[in-house]
Amino acid sequence: MTEKITGLEIKISEVAARIRELRHISGLSVDTMSKLTGVSREEYTACEDGTHDLSFAFIYRCSLAFKVGVTDIIEGVSSNLKSYTVTRNGDGQKIDKAHGMVYYNLAAAFKNRVSEPLYVKCGYDESSERKDIELTTHTGQECDIVLKGTLKVQIGSHFEILGAGDSVYYDSSTPHGMIAVGGEDCEFYAIVLHGDGSKNEQDDKNPVRDIKFKPHQNYRRVYRDFIDTTEDDKGALVAINFKNEDKFNFAFDIVDRIADRRPDKLAMLHLDHDKNERRFTFGDLKRESSRCANYFTALGIKKGDRVMLVLKRHYQFWIAILALHKIGAIAIPATNLLQAHDYEYRFSAAGVSAILCSADGDIAHQADLGSANAAELKNKIIVGGSRDGWRNFDEEVKSYSDVFERQSDSPCGDDSMLMYFTSGTTGNPKMALHSYKYALGHFHTANYWHCVDPDGLHLTISDTGWAKAAWGKIYGQWLCEAAIFVYDFDKFDAADILPLFAKYNITTFCAPPTMYRMLIKEDLTQYDLSSVQHATIAGEALNPEVFRQLERLTGLKVMEGFGQSETTCIIGNLYGAEYKLGSMGKPVPLYDVDIVDPDGNSVADGENGEIVIRTSEKVPCGLFKGYYRDEAKTKEVWHDGLYHTGDVAYRDEDGFYFYVGRIDDVIKSSGYRIGPFEIESVIMELPYVVECGVSAAPDEIRGQVVKASIVLTKGTVPSEEMKKEIQNYVKEHTAPYKYPRIVEFKESLPKTTSGKIIRAKL
C-alpha cells in the first residue's frame, strides 16, 4: 500500500467513509472485502477508518466489488458522459500518491467505461532502487506506455526496463509494480481494464434518435415584420433576431393586424365546462378587446396600473388581457385556488388597483376577504355572474365602442406588460415582471418547440393563472397565426378530455407531467389520437419511463422543454434537431446558456452545475425585467452578467442538457451528492408506481439519507416486502448508494398550486 492519496486533493476520511457506506449497502463483510481488495483484515479496517494510506489499486478494487465507478468513490458523484470525453493536457481527475506517484484519471466523467485510463507521474527516488518493488494485484488487464524517462516494471518474477515509446501489456491479477530509474522522473500512461470486460454502470438507456416531425411551413406572416430566423437544411433553428421590438405591442401588432388581413381566421375554439362551443376569429378578438379597453379606460384603469385576472379558462380572459395590453395596464394572471391570505399578500405586494374574477365557487368571496386592507384596490369586476359590491363585466362591457385606436404613447417595447407571482416552495411568492418584448420571446416556443400548424389547433393544458398559459395559450401560438383550443373544465379528467382530440382534430398538444401520468393510466387504445402531429411537455422534468410508455401507447415522442415564469423556453427539443430520451434538449438560440459552479465558472461536460443565462452582451426578449418592487431578490438571481435559474443540470458530450433538480433539492449523504430526479426516474419504472418524490431526511450518522415518498396505483396494497423490492430495484439500476433508506407510501404528494412536487414537505 505505497501509493497513498495525500489528502491535498482528496480527503482520506471522506473516501474511507464512502467505502464504508458502500460496504454496508452491499451487505459485504470486512473479511470478504479484505479478500476482494487483496489486503489483510486489519489493513482493510484501517483503510475504512481513514487511518491508513489509500492506494489507487485499493480504491479500484473497491469500485469493482461495489459495482460503482472509481469516480463515485473519489468524488462522491457519478459520471454522466456516455459517448466520449476529452481530457486536455494537464487536466484529469488528480489523485496524489506517496513516493512521487501522481495519477490523473483521463476519463473520470465517462459513464459505463470498461477501463480506467491514467496518466501517471512517477518521481525518481534513489533509495527505491535498493529496495524490493512493492507489488499489487487487481482483476483484469493493464497496459503501460512510457512517455518520458525510464520505468522499471516487475510482473511476477520478471523484470523489464522500459524507455520512452516502450509499452507492456499484462494480466493484472499477477503481482506487479513499477519504479522510476535512471536518475530522472518517469511519465507513463496506464490503461487498467476491468476484469470481465463489462460496464461497471448501467447500460445506456437514452440513445440519440432522429425525430421526424411534420414538415414545417413558414409563410409570409405578420411576425416577419418583427422576427428574422435562420434555419439549417433540416429546418432547425440556427439563429433568431428581432427587429422593431422597441415599438412592439402584441395586441396591436399581431392580433389586430392579423384581424385586418384575415378577419375570419379562427383564433380560438372555446368549450365551457358544459362543452358549449364558441368560436372566436381574429376579427372577433380585435373588436371585443377594443370594446373591453374602452370599458377599462372608462373605469379609470390606465397605463401602469396593476390588474389581477382570476378567470380560470373563461374566454373573457383573452379579451381582457388583450385590452390591458392596449391600455398599458400590467396584467397579473392568478389561479382560482388562492385563499384570502393569498389575495391579501398579492393586493399589497403588487399594489393591485383592479381585479377581474370568475363568479364560480367562492373565488370572489375569498378575494373580498383578502381585500379588507387593500387601499389601492378601486375596481372589483366579476365575470359570469353577479355579486354585491362588484361590477358585472358581461353586462357593462356591451355598451362600449369596439374601436380602440393605437396612440403615439401607446405602450410597447420595454414598458411593463405582464406579471406572474412565482410558485416558490418557501417564503412569499416573487413577482416576475415582463415587458412587451416578452411576447416575441415566445415565437420559438410555439414555432420550433410546439411546432404549431397555422391551419391546425393547439391545446395546452393549463389554467390561465400560470405562466404555462403564456407559453401555450396566447403569445407564440398567435404569432404563428395558429388557433388555440380551450376547454374550461373544473377538474382534469383524462377520460373526459381524450375524446376531444379526434372530435376537434387537435394537431399539437402540450401538458405538464402530472397530466401525462394521468393519461397513460387510461386505456389509450380506446381513443383516436391520430390527429396529433406533435406533443410536448414542460413544467417539471418527466421521468424517462413515462416517455417510453407514451411512445409505446401512442406512437408520439413527447418533446421536453425547460424554462421558468421568468423566461420563455430556454432549453428544448426543437424541430429538426436530434432528440435524446430523458434530455431537456439543447439551448435555444435566443439564450446564451451555460452550466456553472458556485463561483460562476463554466463546468466541464458531465459535471453538475447551475443553469444560467449570460446577459453581459444582451438581454434577450424572453427574459423578465426583474422582480417587481424587490431589487434585493432580483440581484440575488441576476448579477455579474448572469441570470441564475436555481436549477441544477449537466450537459453531455453531445450538448444535451439533463435535469438533476433544484439547488436546494440535492441530497448530501455520507459524502455523496445525489440528485433526486435520477432516483425518481428509476422508481417510476416500476409498474405499480403512479408518482414518486425523492427528498432528503436528516440522519445523525450520514447527515442526510434518501427518502422516497410514493403514490401507488389504485388497488395496490403497500407492504414491507414492496419497500424492499423498491430499494433493491434502485440498487440494481443505479449506483447502490443512491437507494432510498426510507420508503413511505402516501395517498398524494404535497404540491405547489402549479402542480410541482414540494420536496421540502415530503
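Note on the stretch 127-152: among residues that are part of a strand (DSSP E or B) and touching a Leu at 6+ places or on another chain (Cβ under 6 Å), the one that is surrounded by the most Cβ atoms within 10 Å (Cβ to Cβ) is L151.
Name the residue, out of D368, D409, D402, D415, that is under 30 Å from K618 (Cβ atoms) and surrounded by 14 or more Cβ atoms within 10 Å (Cβ to Cβ). Explain how you work it out, then say what you get.
Values: D368 fails: under 30 Å from K618 (Cβ atoms); D409 fails: surrounded by 14 or more Cβ atoms within 10 Å (Cβ to Cβ); D402 fails: under 30 Å from K618 (Cβ atoms).
D415 is the lone residue from the list that is under 30 Å from K618 (Cβ atoms) and surrounded by 14 or more Cβ atoms within 10 Å (Cβ to Cβ).
Being in contact with a Ser or Thr (Cβ under 9 Å, 6 or more places away or on another chain) and either modelled with pLDDT under 95 or outside any loop (DSSP other than H, G, I, E, B) (or both) is the filter here, so list the residues in the stretch 377-392 that pass it. So that I can check it myself, show each step before the final result.
Within the stretch 377-392, the subset in contact with a Ser or Thr (Cβ under 9 Å, 6 or more places away or on another chain) is 377-380, 382-385, 392.
Matches in the stretch 377-392: N379, K380, I382, V383, N392.
Out of the residues in the stretch 511-535 that are surrounded by fewer than 17 Cβ atoms within 10 Å (Cβ to Cβ) and of a type in the set (G, A, S), which is farthest from K714 (Cα to Cα)? Result: S531. When the stretch 683-725 is filtered for residues that are acidic (D, E), assigned to a helix (DSSP H, G or I) and under 22 Å from Q549 (Cβ atoms), only E725 remains. Among the residues of the stretch 33-77, those identified as part of a helix (DSSP H, G or I), closer than 23 Å to V192 by Cα and hydroxyl-bearing (S, T, Y) are S34, T37, Y44, Y60, S63, T71.
Scanning the stretch 84-114 for residues that are buried (at least 18 other Cβ atoms within 10 Å of the Cβ), in contact (Cβ under 8 Å) with a residue 60 or more places away in the chain and among the small types (G, A, S) turns up just one, A109.
P454 - would you say it is part of a loop (DSSP other than H, G, I, E, B) and either crowded, with 20+ Cβ neighbours inside 10 Å or in contact with a His (Cβ under 9 Å, 6 or more places away or on another chain) (or both)?
no
At least 2 residues being under 15 Å from the mean Cα position of the chain (by Cα) and on the phi < 0 side of the Ramachandran plot is the threshold, and among the strands (runs of 3 or more DSSP E) wholly inside the stretch 633-678 those reaching it are 642-651, 657-662.
Inside the stretch 499-532, residues that are basic (K, R) and modelled with pLDDT under 80 make up a count of 2. When each of L271, L285, L266 is tested for being farther than 24 Å from F443 by Cα, surrounded by 13 or more Cβ atoms within 10 Å (Cβ to Cβ) and at pLDDT 95 or above, the lone residue that passes is L271.
Report every pair of residues separated by at least 6 positions or lying on different chains whose Cβ atoms are under 6 Å apart, first residue within the stretch 127-139 and of a type in the set (D, E), second at pLDDT below 85. Sorted first by the residue in the stretch 127-139, then by its partner, the pairs are E134/T2.
Taken over the stretch 269-315, residues that are in contact with an Asp or Glu (Cβ under 9 Å, 6 or more places away or on another chain), assigned to a strand (DSSP E or B), more than 21 Å from L498 (Cα to Cα) and without any contact (Cβ under 8 Å) to a residue 60 or more places away in the chain amount to 2. L712 falls short on exactly one of the conditions (1) hydrophobic (A, V, I, L, M, F, W, C); (2) at pLDDT 90 or above; (3) under 23 Å from S583 (Cα atoms), and that condition is (3). When G655 is tested against (1) modelled with pLDDT of 90 or more; (2) surrounded by 17 or more Cβ atoms within 10 Å (Cβ to Cβ); (3) touching a Lys or Arg at 6+ places or on another chain (Cβ under 8 Å); (4) among the small types (G, A, S), only condition (2) is not met. Taken together, the residues in the stretch 464-479 that are more than 17 Å from A320 (Cα to Cα) and buried (at least 24 other Cβ atoms within 10 Å of the Cβ) amount to 5.
Can you give me the number of residues within the stretch 413-443 that are at negative phi, assigned to a loop (DSSP other than H, G, I, E, B) and at pLDDT 95 or above? Steps first, please.
Filtering the stretch 413-443 down to residues at negative phi leaves 414-426, 428-443.
Still in the list and also assigned to a loop (DSSP other than H, G, I, E, B): 414-415, 422-426, 428-430.
Now restrict to residues that are at pLDDT 95 or above: 414-415.
So the count comes out to 2.
Against the list (1) at pLDDT 85 or above; (2) closer than 19 Å to V77 by Cβ; (3) surrounded by fewer than 18 Cβ atoms within 10 Å (Cβ to Cβ), the condition K11 fails is (1). Among the residues of the stretch 27-47, those that are in contact (Cβ under 8 Å) with a residue 24 or more places away in the chain and either among the small types (G, A, S) or buried (at least 22 other Cβ atoms within 10 Å of the Cβ) (or both) comprise M33, T37, G38, C47. Of all residues in the stretch 700-716, those satisfying the criterion of being of a type in the set (S, T, N, Q) and more than 22 Å from the chain's Cα centre (by Cα) are Q704, T713, T716.
Answer yes or no as to whether S669 is in contact with a helix residue (DSSP H, G or I) (Cβ under 9 Å, 6 or more places away or on another chain) and either of a type in the set (A, V, I, L, M) or closer than 26 Å to A538 by Cα (or both). I'd like the intermediate steps shown before the answer.
Values: in contact with a helix residue (DSSP H, G or I) (Cβ under 9 Å, 6 or more places away or on another chain): yes; either of a type in the set (A, V, I, L, M) or closer than 26 Å to A538 by Cα (or both): no.
No; evaluated as a whole, the condition is false for this residue.
Number of residues in the stretch 316-348 that are buried (at least 20 other Cβ atoms within 10 Å of the Cβ) and part of a loop (DSSP other than H, G, I, E, B) equals 5. The requirement of being hydrophobic (A, V, I, L, M, F, W, C) and either loosely packed, with under 14 Cβ neighbours inside 10 Å or within 21 Å of I19 (Cα to Cα) (or both) is satisfied by I679. Among the residues here, I145 does not qualify as touching a residue at least 24 places away in the same chain (Cβ under 8 Å) and in contact with a helix residue (DSSP H, G or I) (Cβ under 6 Å, 6 or more places away or on another chain).
Let's see how each residue does on (1) modelled with pLDDT of 95 or more; (2) in contact with a strand residue (DSSP E or B) (Cβ under 8 Å, 6 or more places away or on another chain):
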residue: H365; (1), (2): yes, no
residue: D394; (1), (2): yes, yes
residue: Y400; (1), (2): yes, no
residue: F404; (1), (2): yes, no
residue: S408; (1), (2): no, no
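The values are calculated or read from the model by the stated rules, or taken from the named source; none is laboratory data. For clarity, every value in this text was computed on a predicted model and none was experimentally measured. When we count neighbours, we look across all protein chains shown, and the Cβ atoms used for this are built from the backbone with ideal geometry, even at glycine.
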